[in-house]
There are 2 protein chains.
Amino acid sequence: MTATSGLRADAARNRRLLLDAAAAEFAEHGADVSISRIAARAGIGKGTVFRHFATKERLLAAVFNDRIEDLIATGRRLLEAADPRAALLEFMVAGAGLRIGDRSLCQSAASIARTEADVRDATLRLAEVAEALTARARETRAVRADVTGHDIVLLVGAVSQATAPLGDAVPGLWRRYLHLMFAGLDPSVETPLPVPPPVPADFAP
Amino acid sequence: MTATSGLRADAARNRRLLLDAAAAEFAEHGADVSISRIAARAGIGKGTVFRHFATKERLLAAVFNDRIEDLIATGRRLLEAADPRAALLEFMVAGAGLRIGDRSLCQSAASIARTEADVRDATLRLAEVAEALTARARETRAVRADVTGHDIVLLVGAVSQATAPLGDAVPGLWRRYLHLMFAGLDPSVETPLPVPPPVPADFAP
DNA sequence: CTTTAAGCGGACCGGACGGTCAGGTTAGGT
DNA sequence: ACCTAACCTGACCGTCCGGTCCGCTTAAAG
């Protein structure tokens, strides 16, 4: 998680309260919630927020990082699974589910990654895990040969972003589209795909 | 387009300038650009903007409506095309291309539709066209039987939203994912799809 | 040309936001 | 018990935004 060592007891406690409140508030209302609101929810003063995170972006980055790290852990665990195809699908479901439940993740992940080095790093590590899972699925002919890890991450982002606004009203809608997309990865329909120039390493839709 | 009758000559001219500037500015910088910026680009005063559109949302709605109307026209024309499969794909390409080139369309289409009646109407008419095109494709077995017009609109939105932030850096990336998605619609892989409760008629991701 | 109402524009307002700071508070070592 | 540095706080600042308003301009009818 996030470093709390070397902090005074009250500071460490406030940091926890702050991170929890921020995560909840970002998830419910998106990345545009005001710092004051978050501070109020955490039950601390506004100034305290800026003592822990110099800028709003850094706070966002910290919350993002925790979530991404969780997903990376899930991906790593799934690398040991027996069925590569099921593992890849489960990874995609996990990723989409994470984003569906968090409005902020569906917005500015990309722009934050561009300015905050740690988010960028986590994103790159996530990409590696996605590529590893995809490679396993490719080798067993579970998905078409020209599908990459980048494709997976991007497609999961696509489904999440599109269905998130309806996510509350139509529960499970995103699962439909995730499965529809997964069907498109099937090797039985090997229609040629346009191959664009390589994606810059810092993607994160 | 937008009504200009009954206006004084200068008013009509300014309205054109305003709509053009707003469309360009929204497309380039998203729906969050300030009214002052748009006014400056149009070469008119800020107050004049509010004379023509009482609120920022109404201006956004007017710009949106023009674009959506264009897409509806394209869809209607494609209903006459010989090959239903190619027609549907072309419709999807048109929709995605429209959104890729316009940052604002990838953001708040849904929220605007919720508050502005005219956008809501246009969106519904667009949905009808999408459904008609999809029905034709379904009848000729060009796509799987359980795909709806809503699916098409939502999937196009998904691809657009996910690739738009990279759209400038990696041209043509969205085409790759649109084709990948289209492969998923192929009837050859008729894996069962989760069927969520019906989507509320006002969708527009 | 005169008249008049429609149109124009930019100073202005209220409010929200991110971020700062001076002054009070407290944890925790000695 | 005491001291000090770390910490907390909320009033405050500058900025920007959407929206209003009123004095000036101008199209265009008679």
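Any read-out appearing in this document is the output of simple, stated calculations on the displayed coordinates, not a laboratory observation. Note that the structure is a prediction, hence the values are computed from the model and not measured. Neighbour counts are summed over all protein chains in view; Cβ atoms, including those assigned to glycine, are modelled from backbone coordinates with ideal geometry.
For B:E80, the distances from its label point to the matching points in the remaining copies are 6.3 nm, ordered from shortest, with each point set 7 Å beyond Cα toward Cβ. Taking 16 Å as the cut-off, the amide N atoms of segment B:116-151 that come nearer than this to a point 7 Å along the Cα-to-beta-carbon line of A:V170 belong to B:123-132, B:134-135, B:146-151. Along segment B:150-157 the Karplus relation, 6.51 cos²θ - 1.76 cosθ + 1.60 evaluated at θ = phi - 60°, assigns HN-Hα couplings of 4, 4, 4, 4, 5, 5, 4, x Hz to successive residues, with x for each Gly and Pro. Label points for B:A9 are taken 7 Å from Cα along Cα→Cβ. From this copy to the others they lie 8.2 nm apart, shortest first. Could you point to the residue in B:V119, B:I152, B:M181 farthest towards the positive end of the protein assembly as shown's charge dipole, with +1 and -1 charges on the Cβ of Lys/Arg and Asp/Glu respectively? Projecting each Cα onto the dipole axis, the largest value belongs to B:V119. For the protein assembly as shown, what does the alpha-carbon gyration tensor say about shape, rounded, prolate or oblate, given a ≥ b ≥ c as the root eigenvalues, a/c under 1.5 as rounded, and a/b over b/c as prolate? Because a/c hits 1.5 or more and a/b fails to exceed b/c, the protein assembly as shown counts as oblate. Per residue, the average separation of C-alpha pairs within less than 8 Å and at least 6 apart gives segment B:48-205 a relative contact order of 28 percent.
Scanning chain B for the Cβ atom closest to the axis that brings B onto A yields residue and whole-Å distance B:G184, 1. Taking GluC sites (Glu not before Pro) in DSSP loop states with no more than 15 other Cβ atoms inside 10 Å as exposed sites, chain A has its longest site-free stretch at A:81-189.
At an R0 of 30 angstrom, the distance between the Cβ atoms of B:A11 and B:R76 translates into a FRET efficiency of 0.40. Here the label points at A:S36 and A:A54, each 7 Å from Cα along the C-beta direction, are separated by 2.5 nm in the simple model.
Between the helical axis of A:84-100 and the longest alpha-carbon principal axis of chain A there is an angle of about 40 degrees. What's the angle, to the nearest 10 degrees (0 to 90), between helix A:117-139's Cα axis and the longest principal axis of chain A? Orientation of helix A:117-139: about 20 degrees from the principal axis. Rounded to the nearest 20 debye, the dipole size of chain B about its Cα centre is 620 debye, using +1 on the Cβ of Lys and Arg and -1 on the Cβ of Asp and Glu. Taking a straight line from the alpha carbon of A:K46, these lysines sit under 30 Å away, with near neighbours fewer than eight places off in the same chain left out: A:K56. Sorted from nearest, the other copies put their B:D66 label points 4.5 nm away, the label point being 7 Å from Cα in the direction of Cβ. Taking amide H atoms as placed 1.01 Å from N in the peptide plane, the amide H of B:G30 lies under 5 Å from those of B:R103, B:S104, each 5 or more residues away in sequence or on another chain.
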